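A.B. asks: I have a structure I would like to understand better, so I am pasting it below and will then ask my questions one at a time.
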Amino acid sequence: MTEKIPILDLKEQTRNLQAEVLEAFQCVLADAAFIRGPEVSKFETEFARYIGVNHAIGVGNGTDALVLALRALDIGPGDEVITTTFSFIASAECISLVGATPVFVDIDPVTFTIDVAKLEALITPRTRAVIAVHLYGQPADILAIKRITDSHELSLIEDCAQATGATYDGRRIGSFGDFGCFSFFPSKTLGAFGDGGAVTTPHAAMADRVRWIGDHGSRVRYTHEMLGTNSRLDSLQAAVLRVKLRHLETWNERRRQIAARYSHALEKAGVITPTDAPYGPSRHVYHQYTVRLPQCRDAIRDHLAANGITSVVYYPISLHLQPVYETLGYGRGAFPVAELAQEEVLSLPMFPELTDTQVDRIATLCAERFRELVPASPPATGVALASEGAIGSTEELVGLEEEALQAG
Ligand SMILES: Cc1ncc(COP(=O)(O)O)c(C=O)c1O
């Protein structure tokens, strides 16, 4: 029988951690402090140290982390916040939830993160902040973005939901902006046993505000100075996260090994593979291993599915084309690089417990089908192509695809 390989399987990791987690749960049960207990404070201290920032605040989930950061900055109606159009909905939803307007920017075709060259032109007198998303585990060019936000006196929020542990210039992402916003949704590189999130910040006053807004706008018990909400990390999740944080570097290293193994096989077939971005330099942690498959993405996804392998398109619809954002009036053609990416990206199974045999089987199936569909495609990684000047713009990328198609 063909072995089925899911996009993500947490069962083995959870089994391996069971003894450590149960021991940690005993401490929580002994304290019976289920909300903001000692486990939460310890996790906050350890996580802040891990990220390399002064403050970390545990919150309910990654979406709340973004909303709380925007609220701490008093961003609201009449304000604009710039973010990428190629991300999970939460990266823009948070802006709308505080009553501000999302302003989208196109992406770089190689890293799938904000195209820094297109950022500055979008700044208006209403712009208050930029949300940079470290997508798939790949750091955005955060220092280049920071230079722009600093020069315009804008706040910088890092959406780190998909990239806990990734580094840029030797520093962990989440330590560059005014805020780093993390999700501990179970599938993430650092995932809880349910929902969870954290906000990191170098600013003591901002850390207080996040904590205060997430606790019903109350600094003094039963005195509510502003409208807040209830968004707190609970002690059981903090206990799980403390255990998992100890393994994160090993898991992220294994993700990188898996990515290298995939790329070794796929590049020989000419597939455009992900790699560390040249800026920073950066360390990708492969929350997703996402390839570009011009003109043949769906055929390859179907071929993998027919062989029991799940692959997923993150994301089939860019944010500016989402029905919920129709009223912003962008329409098709507004962001050609993201619109092309949504037709071509495919994420292959990725979790630290994947075996080399499984990786080889997936890569072989993918490479063989790609060769059948696009026999003459040039062997190179996306970054290699870009640095050689082969992919410098969407036009060039489209040209490359057309060449491959003609050859096929
Ligand atoms: C880029 C990005 N931002 C924010 C979030 C929101 O995190 P959460 O699901 O914990 O609310 C996610 C979750 O998938 C995400 O991928």
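Each value in this text was obtained by applying a stated rule to the coordinates, not by laboratory testing. Please read all numbers here as calculations on a predicted model, not as lab measurements. Backbone-built Cβ (ideal geometry, glycine too); neighbour counts: all protein chains shown.
A.B. asks: Full-extension gain between residue 305 and residue 27, please, as 0.36 nm times their residue separation minus the C-alpha to C-alpha distance. Display every interim value, and only then the final one.
C.D. replies: On the way: separation 278, 0.36 × 278 = 100.08 nm, distance 4.36 nm.
Answer, rounded to one decimal: 95.7 nm.
A.B. asks: Quick one: check the C-alpha center-to-center distance for region 312-331 versus region 191-244, whole angstrom.
C.D. replies: What the calculation gives is 30 Å, centre to centre.
A.B. asks: Points 7 angstrom from Cα along the Cβ direction at residue 126 and residue 35: gap in nanometres?
C.D. replies: 3.7
A.B. asks: Under a GNM of the chain (C-alpha, springs under 10 Å), which listed residue has the highest mean-square fluctuation: 58, 78, 137?
C.D. replies: 78
A.B. asks: Still on this structure, please answer the following. May I ask you to compute the full-extension gain from residue 360 to residue 322, defined as 0.36 nm times their residue separation minus their alpha-carbon distance, rounded to one decimal in nm?
C.D. replies: Values: separation 38, 0.36 × 38 = 13.68 nm, distance 3.58 nm.
Length difference between fully extended and current span is 10.1 nm.
A.B. asks: Under 10 Å, Cα contacts only: if you run a Gaussian network model on the chain, which one of 141, 356, 115 comes out with the highest mean-square fluctuation?
C.D. replies: Answer for the Gaussian network model of the chain: 356.
A.B. asks: Let me ask something else about it. Helix 235-245 versus the longest principal axis of the chain: what is the Cα-based angle in degrees, 0 to 90, to the nearest 10?
C.D. replies: With both axes taken from Cα atoms, the answer is about 50 degrees.
A.B. asks: Can you give the helix-only mean residue ellipticity at 222 nm for the chain, where every DSSP H stretch with n ≥ 4 adds -39500 (n - 2.57) and the sum goes over all residues, rounded to the nearest 500 deg cm²/dmol? Could the numbers behind the result be given before it?
C.D. replies: Numbers: 13 runs with 164 residues, N = 408.
Only helices count here, giving -12500 deg cm²/dmol.
A.B. asks: Another one. Could I have the simple spin-label model distance between residue 203 and residue 101, label points 7 Å from Cα toward Cβ, reported in nm to one decimal?
C.D. replies: Roughly 2.4 nm, to one decimal.
A.B. asks: For residue 257 and residue 223 in one chain, what is 0.36 nm times their gap in residues minus the Cα-Cα distance, to one decimal in nm?
C.D. replies: Details: separation 34, 0.36 × 34 = 12.24 nm, distance 5.19 nm.
Answer, rounded to one decimal: 7.1 nm.
A.B. asks: In nanometres, what is the gap between the two model label sites at residue 12 and residue 313, each 7 Å from Cα along Cα-to-Cβ?
C.D. replies: Once both label points are built, they end up 3.0 nm from each other.
A.B. asks: Please report the antiparallel percentage of DSSP beta bridges with both residues in the chain, rounded to the nearest 5. All intermediate terms of the calculation are to be shown ahead of the outcome.
C.D. replies: Numbers: 23 of 41 bridges.
Antiparallel bridges: around 55 percent, rounded to the nearest 5.
A.B. asks: With angles folded into 0 to 90 degrees, how steeply does helix 297-306 sit against the dominant principal axis of the chain? Use alpha carbons for both and round to 10.
C.D. replies: Compared with the principal axis, the helix lies near 80 degrees.
A.B. asks: Give me the percent of DSSP beta bridges within region 11-245 that run antiparallel, rounded to the nearest 5.
C.D. replies: Approximately 45 percent, going by the DSSP bridge assignments.
A.B. asks: Relative contact order (percent) for the chain, with alpha-carbon contacts under 8 angstrom and 6 or more residues of separation?
C.D. replies: On the way: 858 pairs, mean separation 81.8, N = 408.
Reported as a whole number, the value is 20 percent.
A.B. asks: Continuing with this model, one more query. Efficiency by 1/(1 + (r/R0)^6): what FRET value for residue 49 and residue 1, r their Cβ-Cβ distance, R0 = 45 Å, to the nearest 0.05? Working shown, then result.
C.D. replies: Numbers: r = 47 Å, r/R0 = 1.05.
Calculated value: 0.45.
A.B. asks: Pick from 48, 32, 129: which residue has the top mean-square fluctuation in a GNM of the chain where Cα pairs under 10 Å get a spring?
C.D. replies: Result: 32 has the largest fluctuation of those listed.
A.B. asks: Another one. Between residue 332 and residue 144, what FRET efficiency comes out of the Förster formula 1/(1 + (r/R0)^6) with R0 = 25 Å and r the beta carbon distance, rounded to 0.05?
C.D. replies: Numbers: r = 28 Å, r/R0 = 1.14.
It comes to 0.30.
A.B. asks: Using alpha carbons only, how many degrees (0 to 90, rounded to 10) separate the axis of helix 38-51 from the longest principal axis of the chain?
C.D. replies: 50
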